[in-house]
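Please treat every number below as a calculation from the coordinates, not as lab data. Treat the numbers as computed from the prediction; the structure is a model and nothing was measured. Here the Cβ positions follow ideal geometry from the backbone for every residue, glycine too, while neighbour counts run over all protein chains shown.
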């Protein structure tokens, strides 16, 4: 699993009309730090800053991620309509391991 760290609740919003269709759009983005590896599987020495598109609630408001540690959910990776591998980051809270019994 890929570790992700969110350090701020700052959100960037982008609105306008699409050039191709003229239809309005409204997108929100948040920065996250992804702990990635190189092609040989070696961890990068530093996290990589990535701007992710935020999901929306039923009323269309952006759902931002609270600061904390997350994992990239497996449903983030999918095959798109053209048969290509795509990624749309969906984050889930990383949970701390349950404390072990002292006995």
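Observations, loosely collected:
- If you plug the beta carbon distance of residue 73 and residue 46 into 1/(1 + (r/R0)^6) with R0 = 30 Å, you get a FRET efficiency near 0.80.
- Sites residue 20 and residue 56 - FRET efficiency at Förster radius 22 Å, r taken between beta-carbons, to 0.05: 0.55
- Each Cα pair under 8 Å and six or more residues apart adds its sequence gap; the mean of these over the residue count of the chain is a relative contact order of 26 percent.
- Whole-number D in µm² s⁻¹ for the range 9-103, Kirkwood Cα-pair radius fed into Stokes-Einstein, 4 °C, 1.567 mPa s: 79
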